[in-house]
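Read through the structure below, which is laid out as structure tokens, and then see the notes.
The values are calculated or read from the model by the stated rules, or taken from the named source; none is laboratory data. This is a predicted model, so every value here is computed, not measured. Cβ placement follows ideal geometry from the backbone for every residue including glycine, while neighbour counts extend to all protein chains displayed. Note: accessible area is taken over every heavy atom of the protein model, side chains too, but ligands, DNA and RNA are not part of it. Shrake-Rupley method; radii C 1.70, N 1.55, O 1.52, S 1.80 Å.
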Amino acid sequence: MRDFASAYFTMNETDAAEYVRERLNIFAEDADLECREIGDGNLNYVFKVTDLNSGQSIIVKQAGPVARISDAFKVSPDRNRIESEILALQGELAQGFVPKVYSYDPVMNCCVMDDLSDHEIMRSALLNHKKFPLFADQITTFLARTLLLTSDVVMGHKEKKGRVQQFTNPELCEITEDLVYTEPFYNCEQNDVFEGTKEFVHQTIWNDRELALETAKLKFDFMTKAQSLLHGDLHTGSIFIKEDSVKIIDPEFAFYGPAGYDIGNVVANLIFAYVHASYTIKEEKRKNEYLQYLEETIAQVIELFSRKFLELWDEAVTEQTATVPGFKEWYVDSILEDTAAAAGLELCRRVIGIAHVKDLTSISDEENRVEAEKICVTAGKAFILERASIRSGNDFVKVLRRSVDQFSKGAINHDNTSNSHSISTAG
Ligand code: SR1
Ligand code: MG
């Protein structure tokens, strides 16, 4: 029998099944346990343990001392504590939007949570061109509640500073500081740019001094602006979805940072899906419908977030100075500016840096992939440099369309889609 109580070791499938049997009180005594490792992320091991008698299943997520993607990334297993604690907190702040956590084990650095196999990973669903009409409404409820209710606007300031300490996450933040804010913006050895896109990146990104300055400023905002408790890695691979439900997973990058970081990541990853669909849906009408759906979703995310955040502000504000007329509008404005910047950073780093997205890498035709990547980098750069004037849902869509028009040789045609999205926010 393995010793799970004394010292950490990285589990295999047999160990994880034994762990569940020995250490947890979830399944019946006579359960017939089957275990499969199903993780496909960059960092952790994810075991699905099923009782073949009852069909009941749970997830055991284990954090190792190095990343799965490369031994070069030494990452504190404490991220598993952070993940367990933030999931519990987010479960209170935004009920129904995160999996339930049953236990956290600081020796084996693992937590046990709901199995969400009845949902699918949103990135995969979007790559299969599925639509989720409720998504913008759902994700903006999650964003408005988690970002406002953890901030100084609502929390007692001493309690909030305690939270900042609880969720100080230096190693995972360092990954973001390097992979998102630094390496993509110079010719760093670790970058991994598709051959056909390289020259373009050299000219438009690495040779641009204004961009270097603006991304440096943004990096210092990320490191110093302890505004809200962020998920910290809210791409579509961190979202489980089905028709009527959204579950946000994998908050191991959580820390106190600029609220717009989470919103911008959602927007950028919808744009990756948009670009992927542009080059993979062959039938013109279906393609236009799908692109229109994604444009509307992007615009709705911005508009509904702003509206819900302002409404919740009026209900929940406790900080006296935050009630001064004009303050909340100024505050939301700065979140939207940070949202544009974060969207731009994510769009650039997934093309240029080490961690890619399947939306782009799965475009099999080389020329199309290069075109798709140029659209993302161009939109990304515009979101960063023009962030001071990007505020409405329509502003975000306009930047995307402008970048598309610059490169797509007919793959994307806007003639058949609506031109304005800023008012279609019925959710
Ligand atoms: C070494 S981790 C690379 C990336 O995977 C995570 O999901 C984060 O996005 C990180 O930047
Ligand atoms: Mg992840």
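Quick one: is ILE86 assigned to a helix (DSSP H, G or I), open to solvent by less than 10 Å² (accessible area, probe 1.4 Å) and within 16 Å of ligand 2 (Cβ to nearest atom)? Spelling it out, ILE86 is indeed assigned to a helix (DSSP H, G or I), open to solvent by less than 10 Å² (accessible area, probe 1.4 Å) and within 16 Å of ligand 2 (Cβ to nearest atom). In the range 207-222, the residues that are touching a residue at least 24 places away in the same chain (Cβ under 8 Å) and over 16 Å from VAL377 (Cβ atoms) reach residues that are polar (S, T, N, Q) and open to solvent by less than 30 Å² (accessible area, probe 1.4 Å) with C-beta atoms within less than 8 angstrom, at least six apart or across chains, in these pairs: PHE222/THR176.
Restricting VAL75, VAL107, VAL112 to residues that are in contact (Cβ under 8 Å) with a residue 60 or more places away in the chain, touching a Ser or Thr at 6+ places or on another chain (Cβ under 6 Å) and within 23 Å of PHE255 (Cα to Cα) narrows the list to VAL112. Restricted to the range 1-39, and to residues there that are surrounded by 15 or more Cβ atoms within 10 Å (Cβ to Cβ) and in a strand (DSSP E or B), the residue that is nearest to ligand 2 (Cβ to nearest atom) is GLU37. Against the list (1) within 18 Å of the chain's Cα centre (by Cα); (2) part of a helix (DSSP H, G or I); (3) of a type in the set (Gly, Ala, Ser), the condition ALA355 fails is (2).
Quick one: would you say ALA379 is buried (at least 23 other Cβ atoms within 10 Å of the Cβ) and in contact (Cβ under 8 Å) with a residue 60 or more places away in the chain? Considered against the rule, which asks whether it is buried (at least 23 other Cβ atoms within 10 Å of the Cβ) and in contact (Cβ under 8 Å) with a residue 60 or more places away in the chain, ALA379 comes out as yes. Which one is farthest from LEU89 (Cα to Cα), of the residues in the range 226-237 that are open to solvent by less than 10 Å² (accessible area, probe 1.4 Å) and within 16 Å of ligand 1 (Cβ to nearest atom)? So the residue we want is THR236. Scanning the range 40-65 for residues that are within 15 Å of ligand 2 (Cβ to nearest atom) and open to solvent by 20 Å² or more (accessible area, probe 1.4 Å) yields ASP40, GLY41, ASN42, TYR45, VAL46.
If you take the residues in the range 214-225 that are of a type outside the set (D, E, K, R) and closer than 17 Å to LEU179 by Cα, which one is nearest to ligand 1 (Cβ to nearest atom)? For the range 214-225, the residue satisfying everything is PHE222. When the helices (runs of 4 or more DSSP H) confined to the range 114-223 are screened for residues that are open to solvent by 70 Å² or more (accessible area, probe 1.4 Å), in the same structural domain as CYS348 (by TED's automatic domain parsing) and at negative phi, those reaching at least 3 such residues are found at 157-166, 170-179, 195-201. Go through the residues of the range 191-206 one by one and say whether even a single one is in contact (Cβ under 8 Å) with a residue 12 or more places away in the chain, within 22 Å of LEU304 (Cβ to Cβ) and hydroxyl-bearing (Ser, Thr, Tyr). Looking for residues that are in contact (Cβ under 8 Å) with a residue 12 or more places away in the chain, within 22 Å of LEU304 (Cβ to Cβ) and hydroxyl-bearing (Ser, Thr, Tyr), one finds none in the range 191-206, hence no. Among the residues examined, ILE69 qualifies as open to solvent by 40 Å² or more (accessible area, probe 1.4 Å) and within 16 Å of ligand 1 (Cβ to nearest atom).
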